[in-house]
Amino acid sequence: MSKDIYLKSYNNLLIPKDPKLWPYFQDGLRRIDYVLTYHVQKPQSTRKQSSKSCLCCKFRREQSNPPAHEDPELAAQEQRLDYHDDDQRLRREEFEENLREMGLEMEREEGNKIPGVGFLKIHAPWEVLCREAEFMKLKMPTFKVFVICILSRDKENLCKVTAPLQPNVGENRMENVKHLSYPFSREKQHLFDLSDRNSFFDSKTRSSIVIIALNSIKPHSLCISAILYEWMLNRCSRMYVILILSLQILYEEWASYSIFYKYQPIGLIRKYFGEKVGLYFAWLGVYTQMLIPAAIVGVIVFLYGCATVEDNIPSMEVCDERNNITMCPMCDRACSYWKLVTACGTARASHLFDNAATVFFAIFMALWGQQLCSPFMFTRTLVAAVHQLHPRAEYEFHVMKKSLKKEQSPKSLFLLCVFVCSMQICVTLAIVFGVVLYRVSIMTALHMSSTPTFRTNIRATVKTTAAIINLIIIIIMDEVYGAIARWLTIMEVPKTDKSFEERLIFKTFILKFANAFTPIVYLAFFRGRIIGRPGKYIYVMGSYRMEECAHAGCLMELCIQLCITMLGKQLIQNNLFEIGVPKLKKMLRQRKIDKKHQEELNKTLHRHEKDHFLGPFVGLNPEYMEMIIQFGMVTVFVASFPLAPLFALLNNIIEIRLDAKKFVTELRRPIAVRAKDIGIWYTLLRGLSKVAVIVNAFVIAFTSDLIPRLVYQYMYSPDGTLHGFVNHTLSYFNVSHFQPGTEPMEPMHLGYKVEVCRYKDYRDPPWSATPYEFSREFWAILAARLAFVIVFQNVVMLMSDFVDWLIPDIPKDISIQIHKERNLIVELFMKQERGKKYRNTIERKKPLNVLCHCSVSVSQTANGRL
């Protein structure tokens, strides 16, 4: 940015020549720290003038028309409007008076350029900043400077290698010198570097101090501010040049898609947007970096499946036409007998995701999820985002708009929340059941169709369309559940902002998690297991037979559902909505203003007036929520979809730059909120990582065919191979045992009469002593599956605990730096105490010296007189 438009002024700060660019009051000295906006009603003088003009027009009409009486409803409405305007004005004045009592200075700006909008500019004087900084226990830099630990040669080489990946921002350069920080105190101002008071408190600190001061006003005044004001943070609340250049650097080095391969300027993000936003992007960056090895391993597992598909004995047996295996119908009446060889494509595709490498990948991802949520990684994230090694103080403030409601019984509210959440989960289950009925009915309809095009690829058509329907329902219900969770949280009337946010997050997570994962859980653990057997199928709603899995199992269908849900949510709900909805709102706002008028306004508006047209910042909860749901899909069912980490990595690379562009160009600057961690999201991540171990164990054991293959190979195979495995998994059924009305309408569909058909299950044949009962193989495989679940969970947990034991919670270099800062703090205070004692000693000796000097002078005078 060119400096020609600036001139030197006031304490050698760069001030714009154009007054509309000044981030100061009209006096040019007091800077704007915060801006409140409010609606300005039509002035009473204008209303009287308009009424007079109406009377003139009315008088002219009366010359030609007979007199008409004044409408009493219009008069009453105008009187109500006048009363409402006066009430709003009085309440604003009361709120502003409370602000003045706190020491804040204000300046109004009403309806000059933007009709109907007024601005209340707030400035925090030095005394208020010091008072609130001491109350907040803000850590500020002292004059004590120390040298950071010198990097080892390996770390220096690593820094040289990663230098091209670092953004061109001064904040990310390695600094060997750092100011020692200590909680601010007015009594110990001599400890701090106050050489430049204008830059001692930076922009985000000043704005956060103002918002905390606003929150500390008595509750009824908070309600007034919530009703009358729209809280907006001015982007120009610090030295103008520094902030504008920071925003420009963030736009070029963070919000650009062309630098997707570079690290984020976390230090600059923290300084401009605050610790809470900085922590989110630091965690998102760490999570995305951790996805790189997971994506590489997932691609290797997938390529291993592709390379070994030709050597897979079970799929070769399915595709071998010489076996001539006749399968039982997949539905009643409309479906006929079919050849197993027609499932060749499904069997080969299932091997891509269900192979020997799946277990290794599941163990790897379980350990990966545990390490992502480990204290070591979160310590690194915290240090990268906050650049503070000591936890900061955290305060809770009253929630606005809540004190107007009456307190209700906590027990009744808890029961209400449990009831509503349970009902919503039941609605989700009902929706899944409806999709199941859709699959059953559409499959029967396609089998009955006379069109050959519809009769081909029936399974693929039903799977894909059902998955798309599930995706659409998930996206719609996400919005509904979000609104319900907020309504329930408001009904609870939490006492603090932190409590409100945590309750809202927990309810939203429960509902959205159930909404996204219920169809996947059904496919993984319930489909194909509660169907019965030929001749004795289980029916729902009278005539709907429960659907079966394909011969290769339900893992392929689970993979399709997970892939469509994950990609659809990321492309449509996360990225498309984040791009399209703000653009649409911006277009609607621009349509209300004439283009010529808008161009003139852009030339004359102040910075805070331009920011009024930007979208409000609604918080980080939606951003965290989409990442937590993605983390669940990457870890919980990753055994069925090894490419999930790759798609998550590609999405997050775009997501980081998309969010950056949204924060820099489309949203008002958020309030700089202090935070010591990511809050309840860490607990949810830890919980998901634990659940992922259990779920993946059950997916491998019960959904895939890994355990049946191992049991057959080592217990029943005559040669120790998988030859004959397909025949071992199929049971026999005598077609004469069909229930009346369920046999196929076209029994000669294959060209010959079928007497015995096969179905996938472990049951005794019809000629045995116990026909159609579970066989010994069934119980042996069930025992092996349960044993695998127990062994898998314990092995993963032990390995995770061992890795946690090897890696310390706090990295060694950070621990050394913490210890060094503590010693320096003690040394600084001891030095100050010694200096204070020395000064006190000098001050005590001064009166004695003065007395001795006076006595000598008196004696000399007396001798002279004598």
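Per-residue answers, yes or no, for (1) in the same structural domain as Ala675 (by the TED database); (2) over 30 Å from Thr604 (Cβ atoms); (3) part of a strand (DSSP E or B); (4) modelled with pLDDT under 75:
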site: Pro67; (1), (2), (3), (4): no, yes, no, yes
site: Leu90; (1), (2), (3), (4): no, yes, no, no
site: Asn112; (1), (2), (3), (4): no, no, no, yes
site: Lys121; (1), (2), (3), (4): no, no, yes, no
**Prompt:** Do you know which residues across the stretch 527-572 are part of a helix (DSSP H, G or I) and either closer than 17 Å to Tyr762 by Cβ or charged (D, E, K, R) (or both)?
**Reply:** Glu557, Lys569
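Which of the helices (runs of 4 or more DSSP H) found entirely inside the stretch 656-761 contain at least 1 residues meeting this: assigned by the TED database to the domain that holds Ile325, open to solvent by 60 Å² or more (accessible area, probe 1.4 Å) and of a type in the set (A, V, I, L, M, F, W, C)?
680-698, 706-711
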**Item:** Ala467 vs. criteria more than 24 Å from the chain's Cα centre (by Cα), surrounded by 20 or more Cβ atoms within 10 Å (Cβ to Cβ) and of a type in the set (A, V, I, L, M)
**Value:** yes
**Item:** Verdict on Phe302 being open to solvent by 10 Å² or more (accessible area, probe 1.4 Å), at pLDDT 90 or above and assigned to a helix (DSSP H, G or I)
**Value:** yes
**Request:** Looking at (1) over 30 Å from Thr162 (Cα atoms); (2) out of contact with any Phe, Trp or Tyr (no Cβ under 7 Å at 6 or more places or on another chain); (3) surrounded by 17 or more Cβ atoms within 10 Å (Cβ to Cβ); (4) modelled with pLDDT of 80 or more, find the lone condition where Tyr240 falls short.
**Result:** (4)
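Hey, does the stretch 272-291 have a residue that's assigned by the TED database to the domain that holds Ile538, basic (Lys, Arg), open to solvent by 20 Å² or more (accessible area, probe 1.4 Å) and assigned to a helix (DSSP H, G or I)? Steps first, please.
Residues of the stretch 272-291 assigned by the TED database to the domain that holds Ile538: 272-291.
Narrowing the set further to residues that are basic (Lys, Arg) leaves 276.
From what's left, open to solvent by 20 Å² or more (accessible area, probe 1.4 Å): 276.
Narrowing the set further to residues that are assigned to a helix (DSSP H, G or I) leaves 276.
Looking through the stretch 272-291, at least one residue is assigned by the TED database to the domain that holds Ile538, basic (Lys, Arg), open to solvent by 20 Å² or more (accessible area, probe 1.4 Å) and assigned to a helix (DSSP H, G or I).
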**Request:** Report yes if Ile490 is open to solvent by 30 Å² or more (accessible area, probe 1.4 Å) and either closer than 15 Å to Met423 by Cα or at pLDDT 90 or above (or both), otherwise no.
**Result:** no
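How many residues, within the stretch 315-353, are assigned to a helix (DSSP H, G or I) and in contact with a Lys or Arg (Cβ under 6 Å, 6 or more places away or on another chain)?
First, the residues of the stretch 315-353 that are assigned to a helix (DSSP H, G or I): 315-319, 321-323, 340-351.
From what's left, in contact with a Lys or Arg (Cβ under 6 Å, 6 or more places away or on another chain): 315.
Matching residues across the stretch 315-353 total 1.
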**Item:** Single match in Val618, Val634 (criterion: open to solvent by 40 Å² or more (accessible area, probe 1.4 Å), within 30 Å of Ile505 (Cβ to Cβ) and modelled with pLDDT of 70 or more)
**Value:** Val618
**Prompt:** So which of Ile442, Ile431 is modelled with pLDDT of 75 or more, under 18 Å from Asn515 (Cβ atoms), open to solvent by 30 Å² or more (accessible area, probe 1.4 Å) and assigned to a helix (DSSP H, G or I)?
**Reply:** Ile431
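State whether the residues of the stretch 512-521 include one that is of a type in the set (Lys, Arg), assigned by the TED database to the domain that holds Cys328 and touching an Asp or Glu at 6+ places or on another chain (Cβ under 7 Å).
yes
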**Prompt:** Yes or no: Arg533 over 35 Å from the mean Cα position of the chain (by Cα) and of a type in the set (Lys, Arg)?
**Reply:** yes
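The values are calculated or read from the model by the stated rules, or taken from the named source; none is laboratory data. Given the structure is predicted, the values throughout are model-derived calculations rather than measurements. Quick reminder, even Gly has a Cβ in these numbers, built from the backbone with ideal geometry, and neighbours come from all protein chains shown. Protein only, heavy atoms only, side chains kept; ligands, DNA and RNA dropped before computing areas. Shrake-Rupley method; radii C 1.70, N 1.55, O 1.52, S 1.80 Å.
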